[in-house]
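*Asks:* Okay, handing you the structure first.
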Amino acid sequence: MSDIVQHNETPAQADPAEVVASLAPETALFTACQPSEELALGQWYWVKSVAKWNNESAGVKEGEEYEWFGCAMQIGSNYVKIKSPTGSYARVHLDDYWTNLRREENPEAVIASEVEACQARSKALIAEIHALTQRLGVAKSQAISGPATSSGESAGSALVTLSGQSDLHAYQGALTIAKEKTLPALHEELKKANEQLVVWIKASTLALEASIVPMRETIQMINDRLFSFGLYAGLAESAIQCCSGAPASREEPLHVMQRRCYMDEEALLSYEAGGMDFRGVGEFDAWISKPENRDRILPFPRTLVAMRVRRSAKERETHGDPLASFIRIEEEYADKWTFLYVRNGEQVWRIACEIDFGPMIFPDGAIHRDGEPLMVKMHANSVDRIITRAEYEQNFATYQEIVAKSKAWRLANPKEHTIRDPYMSFLGDTAEIPGFGSFRPYDWKPFDRSNVHYDEVMAVLSAKVKEYNRVAVIIQGLFDRSEILHPHPPVQTWRPESFSRSVRLVYDSSRALYDGEKPDFEAFRAKLNASMGPGSIVVGQERFWMAREADRENARRDRTYRVGASSHRYKFYKPDGNPGPGRIATIEEWKPRSRVAVFTWEREARSWGRSPILQTLAVPATEMFNISAYKQGDFKQFFVDPRTREEYLKWAPLLLTAEDFLASKLQAPERSVS
């Protein structure tokens, strides 16, 4: 049953139990009236609707008005949800209460009447089936009898029936029709009648189901309160001191950084192995305790920053092993742990946090500014997306332009199928808005009290506010229940003057400005690789070789039935006894026209006592990086910009290897080929 909506603005209903009687149009407020007319959960109503299709069971045709019977299951600030015994429902706006709802004073009698009608229908169908089977001589007795009596009666009745038939062919046809049409149809009708009977027998439980709704809301409120208590009271127990030192001055405010950071991106630990994971948190603690790192991540004497272990999932090969796949899922979950790092002077603390903050731990201004109209898109009674009215109008203007282009294209290409329309989706009036996604104007409704989903949208906005407010709970707990920020004056974050004196919000995410386009790593690599040639020191060839060996190993396993592990798919593979071209190598053979480097080395023979086997590998220049043209510190242009820092897995294995080589932390192995 579709929702019943009327676009009139109505304020929130203060108390559903006191609603109703008269609606003053100029104020849209409900006034109290007789108790029998109160709007309350569990009450039954007749709902006026218009049929959207022909409904033979209800006896209505498309476009006709009819009423259906339902129970009030939910009362929102501007609507009541009515559910029928069959499970369909409608949301009726309170503006339409008097026109679309009619209170049923005696619902028990209505339900009893429907139950009686269903029982009568079932009995009539059973009688019809029994009469048909008796007439055809195929009725089966349901009484308990001995085997001899039963079989004798069956055989005897069949003979009596056959001997009494003057036209055996007509009797055979009647049996066939009964078997193929009449009896299946009657049994199907009986099944539906019994199902309808069950529906109406259970109808009286809807009022009990509705009475549970307030209890669920109370339990949710208690859960929220307990969660906040856990945040407030449990911080001291989970705090770990990364480094000690002198605390900040007593009057120094706590600076809360807006942007959530990622340990693997900030520290670039284990860059050669796809970045750090949750096992490296202790190593990160040591890294952030160094003054130069601490001052960059935690720039103020008292600073709080939220950090997750990783932004993206780390590549982990499971080779089709179910246990390894399960462990990978758990490890990926652990990589999403969120910690709070707090600096107090020279001290740094790490706190495990129960909540997972979003990319920003507090918003840029109000989430919903007063007076700013919003539009909402619902999907299956859930909020799908919320945008401002201005953004909607901009998208609508773009949509109209796309529609005009689509119409022009279809006029110019009348023989082409609409699936080839480059502008509009052939499945409906949907257009792709650049930077926004799919857009259909009729999917969007104003977010005001004319919208029967007003409460759902407000719940989403309130949940976001609640999520951000939990940061204040954490901050208050730090001041009250731990020694992390000592010494400090008394702090009461719920008081504006105390909050402004003791806490500073640093908008390092929403107000960040970038100077031009983000650095282009591939362009930087191409520039340095332009001078690549004989004698150049390079990196990247080992990864190219290991990817090739993985393809070979996967193909070998597919051919070997004894392995039985075609699901084992390697991305990178290094055979035993084969050192490969090396992580860092010098180009000895260079083909300038094809820009390919050829590397040569020896691997161990698989048979004992045999000489090493010569190996060669041709690697395109585009797969390598020219360390010889790299200058120390060049990586910083990609590290400083947050847009490329989050993409460090593209450039860090190459640039930081070059950095470590120039710092003499890595060496190119010497190759001796006999």
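*Asks:* Test Ala621 against the criterion of being in contact (Cβ under 8 Å) with a residue 24 or more places away in the chain, in contact with a helix residue (DSSP H, G or I) (Cβ under 7 Å, 6 or more places away or on another chain), among the hydrophobic types (A, V, I, L, M, F, W, C) and under 24 Å from Gly516 (Cβ atoms), and give yes or no.
*Replies:* Details: in contact (Cβ under 8 Å) with a residue 24 or more places away in the chain: yes; in contact with a helix residue (DSSP H, G or I) (Cβ under 7 Å, 6 or more places away or on another chain): yes; among the hydrophobic types (A, V, I, L, M, F, W, C): yes; under 24 Å from Gly516 (Cβ atoms): no.
It is false that Ala621 is in contact (Cβ under 8 Å) with a residue 24 or more places away in the chain, in contact with a helix residue (DSSP H, G or I) (Cβ under 7 Å, 6 or more places away or on another chain), among the hydrophobic types (A, V, I, L, M, F, W, C) and under 24 Å from Gly516 (Cβ atoms).
*Asks:* Here are some residues: Gly577, Gly582. Which one is of a type in the set (Gly, Ala, Ser) and more than 23 Å from Ser536 (Cα to Cα)?
*Replies:* Gly577
*Asks:* In addition: Could you list, in sequence order, all residues of the range 334-359 that are among the charged types (D, E, K, R) and assigned to a strand (DSSP E or B)?
*Replies:* Matches in the range 334-359: Arg343, Arg350.
*Asks:* Scan the range 283-328 residue by residue and report those that are aliphatic (A, V, I, L, M), assigned to a helix (DSSP H, G or I) and touching a residue at least 24 places away in the same chain (Cβ under 8 Å). If you could, list the steps in order and put the result at the bottom.
*Replies:* Step one: of the range 283-328, the residues aliphatic (A, V, I, L, M) are 286, 288, 297-298, 304-307, 309, 313, 323-324, 327.
Filter again for assigned to a helix (DSSP H, G or I), leaving 286, 288, 297, 323-324, 327.
Hits for the range 283-328 are Ala286, Ile288, Ile297.
*Asks:* For Glu331, which of the numbered conditions (1) assigned to a helix (DSSP H, G or I); (2) of a type outside the set (A, V, I, L, M); (3) under 21 Å from Met360 (Cα atoms) fails to hold?
*Replies:* (3)
*Asks:* Sticking with this structure for a sec: Among the residues that make up the range 431-440, is at least one of them among the basic types (Lys, Arg) and either surrounded by 12 or more Cβ atoms within 10 Å (Cβ to Cβ) or in contact with a strand residue (DSSP E or B) (Cβ under 7 Å, 6 or more places away or on another chain) (or both)?
*Replies:* yes
*Asks:* Something else about it: Which numbered condition trips up Trp53, out of (1) of a type in the set (Phe, Trp, Tyr); (2) out of contact with any strand residue (DSSP E or B) (no Cβ under 9 Å at 6 or more places or on another chain); (3) in a helix (DSSP H, G or I)?
*Replies:* Every listed condition holds for Trp53 apart from (3).
*Asks:* Additional query: Filter the range 377-428 for residues that are within 16 Å of Lys445 (Cβ to Cβ) and among the charged types (D, E, K, R) and give the result.
*Replies:* Scanning the range 377-428 gives Lys377, Asp384, Arg385, Arg389, Glu391, Glu393.
*Asks:* Here's another thing I want to ask about it. Only residues that are touching a Phe, Trp or Tyr at 6+ places or on another chain (Cβ under 8 Å) and over 13 Å from Trp44 (Cα atoms): list them for the range 63-87, please.
*Replies:* Listed by number, the residues that qualify are Gly76, Ser77, Asn78, Tyr79.
None of the figures in this text is laboratory data; all of them are computed from the coordinates on show. Everything numeric here is computed off the predicted structure, so don't read it as measured data. Quick reminder, even Gly has a Cβ in these numbers, built from the backbone with ideal geometry, and neighbours come from all protein chains shown.
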